[in-house]
Amino acid sequence: MPGWHNQGVSAPTPTDAPPALRDAVDLARSAAVEEAAAEVGDDSAGTVGEHLGCEAESDGGLTHFFSAELPGYHGWRWAVTLAWVGDGEPVTVSEAVLLPGPQALVAPAWVPWDQRVQPGDLKPGDLLPAPADDPRLVPGYAESEDPAVEEVATEVGLGRERVLSVAGRDEAAARWQDGEYGPSADLAKAAPATCGTCGFLMSLAGSMRGVFGVCANEYSPADAQVVAVGFGCGAHSDVVADIGSPVHVSALVYDDGVDLEPASS
């Protein structure tokens, strides 16, 4: 609904509006019924319900609200804006529209289709092409930091068409670090040691080598997953089991101070 805005000045209230506008409820209702007729046809009178109040729009403008008795439009309101220029002039209708109220049922905000896919949505057979301007990827010839190698690769077209960019690598690293197999996971906090000292850790190659690896312990909940070196679990290679007896054994007592006498024959 159009709002009244004036920097440094408070928005007017209905009591500030002229009585001619506040009292023109019947005129506003007639305009709402006329608008409803254009929307729903002849049975429009019953779609305009009780008067819900009014709201000042500006000096000389006021909007009256009526409940909308329409199936599927719970909480919606007919809004009719009236205008008046002064004494001796009639009150006129500026517009009449159907608008959602504070408790109205409305559709969720529209999201572009390319932003609707979430991690885990991809199913067997689905295709998800990466955008041409995906910041996570760069042309394959940019993979090498050696200018000579890059020049040759560009000329002959060697390597993959696109590779992970620095931004894509940093984004993945942050996601993994904060994820299920990062150092802040509950499993890691309760672990006796970290993956960085575990013999089952297979380090990644390249710039991620010192930060992440792949777990190769089939008994670990992180088996075959990329884990941060700060992650950990109870299946660490250095864990030593306590093999003490589960039954309490009292300490042996040696009493050498007892005198023995031969038995009588």
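The values are calculated or read from the model by the stated rules, or taken from the named source; none is laboratory data. For clarity, every value in this text was computed on a predicted model and none was experimentally measured. With ideal geometry, Cβ positions are generated from the backbone for all residues, glycine too; neighbour counts draw on all protein chains shown.
Could you check the range 134-215 for strands (runs of 3 or more DSSP E) lying wholly inside it with 1 or more residues that are at pLDDT below 95 and more than 30 Å from the chain's Cα centre (by Cα)?
Values: elements: 137-139, 162-164, 201-203, 212-215.
Where strands (runs of 3 or more DSSP E) fall fully within the range 134-215 and carry at least 1 residues being at pLDDT below 95 and more than 30 Å from the chain's Cα centre (by Cα), they are 137-139, 201-203.
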* Structure fact -> Given the conditions (1) at pLDDT below 90; (2) in contact with a strand residue (DSSP E or B) (Cβ under 9 Å, 6 or more places away or on another chain); (3) of a type in the set (A, V, I, L, M, F, W, C); (4) within 24 Å of Val106 (Cβ to Cβ), every one holds for Ala56 apart from (4)
* To do: Among residues belonging to the range 40-51 that are surrounded by 13 or more Cβ atoms within 10 Å (Cβ to Cβ) and not hydrophobic (A, V, I, L, M, F, W, C), point out the one that is modelled with the highest pLDDT.
  => His51
* **the range 80-126 - residue that is touching a Gly at 6+ places or on another chain (Cβ under 9 Å) and assigned to a strand (DSSP E or B) and, of those, surrounded by the most Cβ atoms within 10 Å (Cβ to Cβ)** => Leu82
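Hey, could you check the range 15-39 for residues that are among the charged types (D, E, K, R) and closer than 14 Å to Ala68 by Cβ and say which is surrounded by the fewest Cβ atoms within 10 Å (Cβ to Cβ)? Step through it out loud before you land on a result.
Of all residues in the range 15-39, those among the charged types (D, E, K, R) come to 16, 22-23, 26, 29, 34-35, 39.
Subsequent filtering for residues that are closer than 14 Å to Ala68 by Cβ retains 29, 35, 39.
On the way: Arg29: 20, Glu35: 21, Glu39: 12.
By that ranking, first place goes to Glu39.
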